[in-house]
Every structure is written in structure tokens, then in C-alpha cells.
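Below is one structure; the comments refer to it alone.
The values are calculated or read from the model by the stated rules, or taken from the named source; none is laboratory data. These numbers were taken from a predicted model, which means no experiment stands behind them. Glycine gets a Cβ as well: all are built from the backbone with ideal geometry, and neighbour counts include every protein chain shown. Please note that ligands, DNA and RNA were not included when accessible areas were found on the heavy atoms of the full protein model with its side chains. Shrake-Rupley method; radii C 1.70, N 1.55, O 1.52, S 1.80 Å.
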Amino acid sequence: MRQETSKPTPIGRVGGPLRAVVGLACLVTVAAGAFAGSGTATPRGAAAAAQSRPNVVVIETDDQTQESMKVMSTVNSRIAAKGVTFANSFVNFSLCCPSRSTFLTGQYAHNHGVLSNAPPNGGFSVFERRHAHDNLAVWLKRAGYSTGLIGKYLNLYGRRDPTLVPPGWTDWHAALDGGAPGVQGNSQAVYDYTLNENGALVQYGGDPQDFKQDVLTQKAVDFIDDRAPQPNPFFLWLTYTAPHFGGPNPSPQPPADCENAAKPAPRHADAFASTPFPTPPSFNEANVSDKPRYVRRLPKLDPPEVANLTRTYRCELESLLSVDQGVGRVLDALKAQGALRDTYVVYTSDNGFMHGEHRIPGSKTVPYEESIRVPLLIRGPGLPQDATARDLAINADLAPTIARITGAKPRLTMDGRSLLGAARHPNRRTRRQLLIEASRFHGIPAYDALRNRRYMLISYHDGERELYDLKKDPFELRNRASSAANRKVERRLSKSLRRLEHCAGRSCRVPGG
């Protein structure tokens with residue numbers, strides 16, 4: 001039995017049939033001109049086919065690396081093979097709350113001002129203070145869209161007011177962080193957690209049918225079934241916990257070996273129990289004498305640490321299987337409503353993750369490829385199929401892309417650019433340069449970095465620098481900063497980086513030399 005309340009207590013427990021969950025960031029949009037000639041719609045999908053503007057569905061995972069895409073058979077066959085894969089997709093600030101704030105604003109972190117997961121410089125409260133009435137959801141709702149959030153929102157959401165539904169959202173099913181009165185679990189828990197469902201707090205338990213990824217998938221399917229037949233277009237942001245580590249610990253359901261790791265659905269327990277752990281040349285790097293101080297201080301990983309990394313890596317892969325199944329269910333729901341062929345689908349993650357590369361285990365925020373590079377796939381009308389776009393993309397591009405497709409009018413200056421051109425012309429390459437940045441986090445110094453097609457230049461605020469020629473050194477093993485052979489390159493990149501450090505709007509999109 002499900003009980004709901006508009007107050008923090010009491011909280012009802014919800015159960016339901018076991019569902020498969022959708023977990024990766026997919027952006028679904030439809031080009032307005034693509035509706036003509038789209039075929040005969042089913043009766044339930046007639047209203048969707050009659051829309052003059054596209055729907056948008058965004059599905060986002062948490063901490064997913066490009067390497068892990070190898071287990072996403074549905075995403076690969078039904079999004080990548082039917083659309084465009086961005087082979088060089090990055091995030092501006094590799095941390096949950098800053099990255100999600102960039103998605104909602106189209107701005108780099110130094111402009112949107114959310115610089116951490118918690119106050120005083122980050123978390124939901126900082127975003128709310130600066131952007132509550134000026135973000136993607138508000139723009140879309142003002143443009144006539146029904147808007148839905150299902151899953152994780154921003155870190156520490158719900159601590160001050162667990163019943164708050166932020167401006168701009170028509171349908172709201174957000175995971176709450178623990179700490180508020182009557183709130184169980186936290187936003188990363190997959191059992192024994194609480195959702196704010198349109199202002200009512202609903203508690204989920206520890207039974208298999210309460211597994212969060214499946215619960216979120218079903219809510220996404222329900223949202224599509226409800227909204228697709230209506231004449232107004234819709235926007236859905238579906239965000240999953242996987243493959244981020246989550247609670248509770250110990251888990252009330254199998255598997256038993258994923259404590260302090262990502263939690264798979266019980267049906268996927270031990271699915272990758274014998275999968276080899278990847279060890280690229282950067283793994284447990286033998287010589288880090290040319291790296292910055294925070295890396296030089298790290299000892300080599302010992303066998304027990306490597307064994308633990310192997311265990312948690314396998315749990316992460318297993319947790320993504322429910323996401324992959326959920327993507328299929330969302331696509332099926334769109335198809336059943338006659339909306340799939342008129343919808344762009346984009347899949348991504350909020351940031352990457354380190355698995356022992358350069359001796360860094362279980363971390364993000366650092367400026368290395370495994371941390372800043374994320375999956376990004378788009379399918380939709382007018383786009384080529386099974387194509388690969390080589391031009392650089394960054395998460396600040398997603399809001400401009402959605403605004404371009406939907407006709408929504410942003411009220412702030414966005415730093416990213418629409419990806420429609422790159423998706424329609426995947427062979428196009430520009431001299432684009434991206435800003436990667438971070439504030440100080442868990443002993444990692446603050447830095448500003450420039451990433452272009454060939455080079456990565458990192459300037460730490462404590463004075464240390466790194467320069468990598470990614471064409472010759474894709475695993476970032478040899479720091480070329482201050483070397484005589486690369487002096488001209490470093491000088492040119494440094495000049496461009498200084499412009500990007502304080503850029504806004506158009507100045508963030510100026511190509512490099």
C-alpha cells in the first residue's frame with residue numbers, strides 16, 4: 001500500500017512489480033520539420049504525431065566511463081546504431097553537482113557558480129539561490145512544455161525542505177538526501193530511500209520491487225504514456241544512480257559482494273563475476289615523478305587494493321545492466337505512443353571516474369581523460385545512423401542543443417553551443433578548445449585546463465603544470481610542460497587558456513590556433 005503526505009512525516013512505503021531501469025543520460029528531442037511524412041500514427045500516438053514541436057527526454061547516469069559502454073547492448077544497438085556517437089565528449093567540471101548545474105544552465109562552472117557538492121560553494125542551495133528561476137526547466141515550461149524530473153537532482157536537495165518542488169517542473173519525482181526530518185536513506189541509495197513525488201514524500205523499502213533503477217524506469221514509462229498523447233510537447237530528465245556507489249550497506253538483496261560499491265539489480269548479481277579488470281598503460285603508473293605533487297604522493301596500488309578495485313568495477317558493470325534494460329523500456333514506450341520516430345535521443349553521464357589510472361583509485365574531479373571524458377550518443381530525425389562525430393563536445397552544449405530544437409528562450413548567456421550541426425555533419429572538425437576546471441577537492445588542487453583535439457594543458461592554482469600530446473601519448477604518461485621541445489606549443493596554449501579561464505558566452509566558443 002502506498003501512502004503519501006505533503007509533510008515530512010509520516011512517510012508511506014511503496015512496492016510494485018519488478019521493473020527494469022533506464023540509467024544513462026539520454027536526451028530525446030524532435031526536429032519540428034521532421035513531423036511531416038513521419039508515417040501513420042497509432043490512435044494513442046495521434047496527438048504526439050500532431051505536435052508542432054519536439055519532445056525531449058534526457059537520461060543520465062552517474063559516474064559512467066566510456067569504457068563501460070561495452071556492456072550497454074541496448075544503448076549501443078538502439079541509440080548508437082540508430083544515430084550519432086560523439087567520440088570526444090567531455091565535462092567542464094568532473095563532479096556531480098557542478099556538472100548537473102552546467103547541464104541546467106549551459107554555462108561553465110566559473111559562470112554558474114556551483115563549485116562543489118556542498119555549501120558554502122556548492123550543492124542544491126547554491127544553485128537554488130542563483131538559478132532557481134532561470135534554468136533549462138523554467139525556459140522549457142515557459143515555452144509551453146510539460147517538464148518532468150525522475151531520479152537524482154542536485155546534491156543535498158531536500159535537506160532544507162524535503163517537500164519543495166523547484167520552479168519549472170510539471171512532474172517531480174526526485175531522490176532526497178538523508179538529513180532532513182523523516183527522510184530515509186540518501187540520493188544514492190537503491191533500497192530504503194525516499195522520493196519527493198510532486199510534493200509528497202514516498203518511502204521505498206528493501207524488497208526486490210523497490211530497487212531504485214527499476215522504480216525510476218517505471219515512472220519514466222508512466223510519464224511518457226501520460227504525456228505523449230497530449231498536444232503539448234514534453235521534456236523529461238531521467239537520472240539514475242548507477243554506476244555510482246550506493247547504499248544501503250549491507251544490501252538487503254543480492255549480490256552480497258557489492259558493499260561500498262554500485263548495487264546491481266538482484267537479477268544481475270554476479271553477471272560479471274569473472275570479467276577481467278582493465279589495466280591500460282596508465283594503470284598503477286610506475287613512474288609518476290613528472291606528475292603534480294598530489295599524484296607524486298600516491299603509493300603504488302598493492303594487490304589487495306587492486307583486488308578491491310576489481311570487485312567494485314564488476315559491481316559497476318552489473319549495475320548498468322538494469323539501466324540498459326530501462327533504456328529499452330523507455331524507447332519501447334515512445335514507440336508505442338507513436339513518438340519515437342519524431343524524437344531525438346541523447347545518452348550521457350554527468351562525469352567519468354578513475355579506476356587506478358596514475359595510481360588514482362575511485363575518484364573524479366581530476367583533469368585526466370578517464371575523469372573528464374563521458375559517453376554521448378544522439379539519435380533523431382534528420383541525423384545519420386551509425387555515425388561517429390569527431391568534433392569536440394562538452395556538457396555545456398546540451399542546454400543550447402535543447403533550446404535550439406525546442407525554441408525555448410534562455411534568459412542567461414550560455415557558454416556552450418548547439419550540437420545539432422555536429423550531429424548532422426559528423427565528419428566536420430573544428431579547431432574548438434574546451435575549458436576543463438575544478439576547485440580544490442579532497443587534496444586535489446584547483447586548476448584550469450585546456451583540451452583541444454591534440455593537447456591537454458593543465459594549470460594548477462598552486463603553480464604546477466602538465467602538458468600532454470594526446471596524439472603521441474594518449475594515456476598521459478609523459479608530462480611535457482616546460483620542455484624545450486614544446487615551448488612554443490605551451491606558450492600558445494597558455495594564451496588560449498587565459499582567455500577561457502574568465503570567458504562567458506561567445507568568448508568561450510572562440511576557436512584556437
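With label points built 7 Å along Cα→Cβ from the Cα atoms of T279 and A81, find their separation and express it in nm.
About 3.4 nm, to one decimal.
Once amide H atoms are placed 1.01 Å from N in the peptide plane, what residues at a sequence separation of 5 or more from K82, or on another chain, have their amide H within under 5 Å of its amide H?
Under 5 Å from the amide H of K82: D386.
Simple spin-label model, 7 Å along Cα-to-Cβ: R491 to R293 in nm?
About 2.9 nm, to one decimal.
For the chain, count the residues as N, evaluate 2.2 N^0.38 Å, and divide the Cα radius of gyration by that value, please.
My calculation over the Cα atoms of the chain gives 0.93.
Take every DSSP beta bridge whose two residues both sit in the chain, then give the antiparallel share in percent to the nearest 5.
Working: 36 of 62 bridges.
Here the share of antiparallel DSSP bridges comes out near 60 percent.
Q184's amide H: which non-local residues (gap 5+, or another chain) put their own amide H closer than 5 Å, with H modeled 1.01 Å from N in plane and none for Pro or chain starts?
The list, which skips near neighbours in sequence, is T194.
For the full complex of protein chains and a 1.4 angstrom probe, list F124, F441 by accessible area with the highest value first.
Order by accessible area, largest first: F441, F124.
Could you give the size of the charge dipole of the chain about its Cα centre, using +1 on the Cβ of each K and R and -1 on the Cβ of each D and E, expressed in debye and rounded to the nearest 20?
2240
Of S483, Y240, L412, which is farthest along the charge dipole of the chain in the positive direction, counting Lys and Arg as +1 and Asp and Glu as -1 at C-beta?
S483
Assuming R0 = 25 Å, what is the FRET efficiency of S507 and A132, from their Cβ-Cβ distance, to the nearest 0.05?
E(calc), rounded to 0.05, equals 0.45.
Using a Förster distance of 30 angstrom, determine the FRET efficiency expected from the C-beta separation of H425 and D207, and round it to 0.05.
0.05
State to the nearest 20 debye the size of the charge dipole of segment 248-329 about its Cα centre, where the only charges are +1 on K and R beta carbons and -1 on D and E beta carbons.
Around 260 debye, computed over segment 248-329.
I want to check the label-to-label distance for K70 and D473. Put each point 7 Å from Cα in the C-beta direction and report it in nm to one decimal.
For K70 paired with D473, the spin-label model returns 2.6 nm.
Could you tell me what percent of the accessible area of segment 390-469 is made up of carbon and sulfur, with a 1.4 Å probe and every protein chain present?
Of all accessible area on segment 390-469, carbon and sulfur atoms account for 44 percent.
Just the number please: accessible area per residue for the chain, 1.4 Å probe, all protein chains included, in Å².
36
Taking all pairs of distinct Cα atoms, average 1/r, flip it, and tell me the Kirkwood hydrodynamic radius of segment 218-272 in Å to one decimal place. Please list the in-between numbers first.
Numbers: mean 1/r = 0.0734 Å⁻¹.
In segment 218-272 this quantity evaluates to 13.6 Å.
Grab the other residues whose beta carbon is less than 10 angstrom from that of R100, score K and R as +1, D and E as -1, and report the net.
Once all neighbours under 10 Å are counted, the net charge is -2.
For segment 106-251, max minus min Cα coordinate along each principal axis, in Å, sorted largest first?
44, 43, 27
For the chain, what relative contact order do you get, as a whole percent, if you take Cα pairs closer than 8 Å and at least 6 residues apart?
24
Quick one: which of 249-260, 70-81 comes out on top by average Cβ neighbours within 10 Å, and what's the full order, highest first?
With the highest mean Cβ count within 10 Å placed first, the list reads 70-81, 249-260.
Using the structure shown, list the pairs from K219/K409; K70/K300; K82/K219; K152/K212 with a Cα-Cα distance above 18 Å, or answer none.
K219/K409; K70/K300; K82/K219
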